[in-house]
Amino acid sequence: MKRLEPNLLLAISTGVPFLLLLLTASVFGPEGAALRYGLIALACVVVFVLLNDRISRRMFGRERPPIIHADAPATAKWATLFPLLIIFAAAAPVFFPGHDYGLLIIIAACWFGVTIESVIKARRQA
(Lines give C-alpha, C1' and ligand atoms only; values in the text may rest on other atoms or scores of the structure.)
Protein backbone atom coordinates (compact mmCIF):
# COMPACT_ATOMS: atom_id res chain seq x y z
CA MET A 1 0.00 0.00 0.00
CA LYS A 2 1.64 3.19 -1.17
CA ARG A 3 -0.84 5.56 0.46
CA LEU A 4 -3.81 5.36 2.74
CA GLU A 5 -7.21 5.60 1.13
CA PRO A 6 -9.08 8.76 2.26
CA ASN A 7 -12.34 6.87 2.86
CA LEU A 8 -10.50 4.49 5.19
CA LEU A 9 -9.07 7.44 7.09
CA LEU A 10 -12.58 8.89 7.34
CA ALA A 11 -13.93 5.62 8.75
CA ILE A 12 -11.14 5.48 11.33
CA SER A 13 -11.57 9.12 12.28
CA THR A 14 -15.32 8.54 12.67
CA GLY A 15 -14.91 5.28 14.57
CA VAL A 16 -12.78 6.80 17.32
CA PRO A 17 -15.37 9.46 18.29
CA PHE A 18 -18.05 6.77 18.00
CA LEU A 19 -16.20 4.70 20.61
CA LEU A 20 -15.89 7.86 22.72
CA LEU A 21 -19.65 8.35 22.45
CA LEU A 22 -20.22 4.77 23.59
CA LEU A 23 -17.89 5.34 26.52
CA THR A 24 -19.40 8.63 27.67
CA ALA A 25 -22.97 7.36 27.24
CA SER A 26 -22.13 4.25 29.25
CA VAL A 27 -20.43 6.18 32.04
CA PHE A 28 -22.80 9.14 32.29
CA GLY A 29 -26.00 7.44 31.14
CA PRO A 30 -28.36 5.29 33.20
CA GLU A 31 -26.91 2.48 35.27
CA GLY A 32 -26.41 -0.82 33.50
CA ALA A 33 -26.78 0.60 29.99
CA ALA A 34 -23.24 -0.16 28.81
CA LEU A 35 -24.04 -3.62 27.45
CA ARG A 36 -27.27 -2.42 25.85
CA TYR A 37 -25.49 0.50 24.17
CA GLY A 38 -22.75 -1.79 22.86
CA LEU A 39 -25.27 -4.24 21.40
CA ILE A 40 -27.32 -1.44 19.84
CA ALA A 41 -24.20 0.05 18.26
CA LEU A 42 -22.97 -3.26 16.87
CA ALA A 43 -26.39 -4.25 15.52
CA CYS A 44 -27.03 -0.88 13.88
CA VAL A 45 -23.65 -0.74 12.16
CA VAL A 46 -23.88 -4.31 10.86
CA VAL A 47 -27.47 -3.99 9.65
CA PHE A 48 -26.79 -0.62 8.05
CA VAL A 49 -23.74 -1.84 6.14
CA LEU A 50 -25.47 -5.02 4.98
CA LEU A 51 -28.80 -3.53 3.92
CA ASN A 52 -28.23 0.09 2.92
CA ASP A 53 -26.63 -0.65 -0.43
CA ARG A 54 -29.42 -3.01 -1.48
CA ILE A 55 -32.19 -0.69 -0.35
CA SER A 56 -30.52 2.32 -1.96
CA ARG A 57 -30.17 0.54 -5.31
CA ARG A 58 -33.77 -0.66 -5.17
CA MET A 59 -35.17 2.79 -4.32
CA PHE A 60 -32.99 5.01 -6.49
CA GLY A 61 -31.87 2.58 -9.20
CA ARG A 62 -28.22 3.53 -8.99
CA GLU A 63 -25.27 3.13 -6.69
CA ARG A 64 -23.92 6.17 -4.87
CA PRO A 65 -20.18 6.85 -5.11
CA PRO A 66 -17.91 6.77 -2.04
CA ILE A 67 -18.07 9.80 0.23
CA ILE A 68 -14.62 11.06 -0.72
CA HIS A 69 -13.66 10.74 -4.38
CA ALA A 70 -11.19 12.40 -6.69
CA ASP A 71 -13.82 13.86 -9.05
CA ALA A 72 -15.02 16.25 -6.34
CA PRO A 73 -12.20 17.36 -4.02
CA ALA A 74 -14.59 19.35 -1.81
CA THR A 75 -16.08 16.07 -0.56
CA ALA A 76 -13.09 15.68 1.75
CA LYS A 77 -13.95 18.94 3.48
CA TRP A 78 -17.62 18.03 3.88
CA ALA A 79 -16.71 14.56 5.15
CA THR A 80 -15.06 16.09 8.22
CA LEU A 81 -18.56 16.80 9.53
CA PHE A 82 -19.07 13.10 10.39
CA PRO A 83 -16.37 12.91 13.10
CA LEU A 84 -17.06 16.46 14.26
CA LEU A 85 -20.76 15.85 14.88
CA ILE A 86 -20.06 12.58 16.68
CA ILE A 87 -17.52 14.36 18.91
CA PHE A 88 -20.20 16.90 19.82
CA ALA A 89 -22.62 14.04 20.47
CA ALA A 90 -20.03 12.38 22.74
CA ALA A 91 -19.89 15.54 24.82
CA ALA A 92 -23.66 15.57 25.45
CA PRO A 93 -23.68 12.83 28.13
CA VAL A 94 -20.97 14.66 30.06
CA PHE A 95 -23.01 17.87 30.28
CA PHE A 96 -26.44 16.21 30.62
CA PRO A 97 -25.84 13.04 32.69
CA GLY A 98 -28.45 10.46 33.63
CA HIS A 99 -30.48 10.40 30.40
CA ASP A 100 -30.92 7.52 27.97
CA TYR A 101 -28.70 8.08 24.93
CA GLY A 102 -29.84 5.12 22.83
CA LEU A 103 -31.17 7.25 19.98
CA LEU A 104 -27.95 9.26 19.86
CA ILE A 105 -25.99 6.01 19.57
CA ILE A 106 -28.27 4.74 16.79
CA ILE A 107 -27.75 7.96 14.80
CA ALA A 108 -23.98 7.87 15.29
CA ALA A 109 -23.93 4.18 14.35
CA CYS A 110 -25.67 5.00 11.07
CA TRP A 111 -23.13 7.74 10.34
CA PHE A 112 -20.31 5.33 11.12
CA GLY A 113 -22.01 2.75 8.90
CA VAL A 114 -22.04 5.26 6.04
CA THR A 115 -18.28 5.67 6.33
CA ILE A 116 -17.72 1.90 6.41
CA GLU A 117 -19.93 1.50 3.36
CA SER A 118 -17.88 4.22 1.65
CA VAL A 119 -14.69 2.27 2.31
CA ILE A 120 -16.23 -0.85 0.79
CA LYS A 121 -17.37 1.07 -2.30
CA ALA A 122 -13.95 2.70 -2.73
CA ARG A 123 -12.24 -0.70 -2.51
CA ARG A 124 -14.59 -2.10 -5.17
CA GLN A 125 -13.84 0.79 -7.52
CA ALA A 126 -10.07 0.54 -7.11
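Evaluating G32 against the criteria (1) loosely packed, with under 15 Cβ neighbours inside 10 Å; (2) farther than 27 Å from L8 by Cβ; (3) in contact with a Pro (Cβ under 9 Å, 6 or more places away or on another chain) leaves one unmet condition, (3). The listed residues are A11, A34, A25, and the only one of them that is touching a helix residue (DSSP H, G or I) at 6+ places or on another chain (Cβ under 9 Å), under 18 Å from Q125 (Cα atoms) and not charged (D, E, K, R) turns out to be A11. Please find, within region 53-62, the residue that is nearest to the chain's Cα centre (by Cα) out of those that are loosely packed, with under 13 Cβ neighbours inside 10 Å and not charged (D, E, K, R). Per the criteria, the residue is I55. Whether a residue is at pLDDT below 95 and either charged (D, E, K, R) or within 24 Å of P6 (Cα to Cα) (or both) was assessed, and R36 does not pass this test. Looking at P65 and the list (1) more than 21 Å from F18 (Cα to Cα); (2) surrounded by 15 or more Cβ atoms within 10 Å (Cβ to Cβ), which single condition is not satisfied? Status for P65: all satisfied but (2).
When region 48-81 is filtered for residues that are touching a residue at least 24 places away in the same chain (Cβ under 8 Å) and part of a helix (DSSP H, G or I), the ones remaining, listed by number, are F48, V49, N52, D53, A76, A79. Scanning region 83-111 for residues that are within 13 Å of I40 (Cα to Cα), part of a helix (DSSP H, G or I) and touching a Phe, Trp or Tyr at 6+ places or on another chain (Cβ under 9 Å) gives G102, I105, A108, A109, C110. Select from region 78-123 the residues that are under 20 Å from G15 (Cβ atoms) and among the charged types (D, E, K, R) and write down the one among them that is surrounded by the most Cβ atoms within 10 Å (Cβ to Cβ). Selected residue: E117.
The values are calculated or read from the model by the stated rules, or taken from the named source; none is laboratory data. All values reported here derive from a predicted model rather than from experimental measurement. As a convention, Cβ positions derive from the backbone with ideal geometry for all residues, glycine included, and neighbour counts pool all protein chains shown.
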